[in-house]
1. Using a Gaussian network model on the chain with a 10 Å cutoff between Cα atoms, which of P116, P73, P93 fluctuates the most?
2. Taking 35 Å as R0, compute the FRET efficiency from the Cβ-Cβ separation of K148 and Q89 and round it to 0.05.
3. If I model a spin label at Y25 and I8 as a point 7 Å from the Cα along the Cα→Cβ vector, what separation in nanometres do I get?
4. Who wins for biggest fluctuation among S111, S151, S161 in a Gaussian network model of the chain, springs between alpha carbons below 10 Å?
5. For the chain, with a Gaussian network of springs between Cα atoms less than 10 Å apart, report the residue from L46, L79, L71 with the top mean-square fluctuation.
6. Which of [x] 47; [y] 17; [z] 31 is the computed percent of Cα pairs over 30 Å apart for the structure on display?
7. Relative contact order (percent) for the chain, with alpha-carbon contacts under 8 angstrom and 6 or more residues of separation?
8. Would you mind computing, in nm to one decimal, how far apart the modelled labels at N67 and E136 are, each placed 7 Å from Cα along Cα→Cβ?
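Bear in mind these aren't lab numbers, they're just calculated from the coordinates by the rules spelled out. In this text, all values refer to a predicted model and were calculated from it rather than measured experimentally. Please note: Cβ atoms are built from the backbone with ideal geometry, for glycine as well, and neighbour counts cover all protein chains shown.
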Amino acid sequence: WVSLVKDITERKKAEEALRESEKKYRDLIESSADAIFTLNEDGVFLSANLEAARSMGTTREGLIGRNMHDLFPKNFADLQMVAVRSVFQTGKPILGREELTQTKFGQKWYSTTLMPMTDDEGKISYVMGVSRDITERKKAEEELRKFKTISDKAGYGSAISDVEGNLVYVNKSFAKMHGYT
């Protein structure tokens, strides 16, 4: 009769540390308010967090394995595919590309970053994307543009100063009233 005994305490500790690390990673991705997803070169969703699925009006199961052309209008999906293929071909990320998207919830503005993810040999195996809803910011920018247009054309003087009293904006009427251009 032969018996072998091997101490596997270190291996068990390493496995537990790996499980804890994976849980932290999952929690980080899942709790993000941004849509986080991965795509292959054909535009098929390989993974997605809950926000990515919610923002596209589906479940994670309804998203993973589907092509962008199944989920978006053709013109928008074609533009997305150009960006995804560019990352695969150049190996360079696309940072903060702003785009107006038609969703199931109406039109939304998103800022999207696409990053190449490589395997051990340095070959791009998929693209990771992070999209942030910037619709409210875009609405605020539009309101500011409207204000500036109205103020610039107003026949009365209009100025904005910072807390120290430095002028940060004046319209033409204000400048003319004070002898400036």
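1. Most flexible of the set in this elastic network: P73.
2. 0.30
3. 2.2
4. The residue that fluctuates most here is S161.
5. In this elastic network of the chain, the residue with the biggest mean-square fluctuation among L46, L79, L71 is L79.
6. Computed from the coordinates, percent of Cα pairs over 30 Å apart corresponds to [x].
7. 15
8. According to this spin-label approximation, the distance is 3.7 nm.
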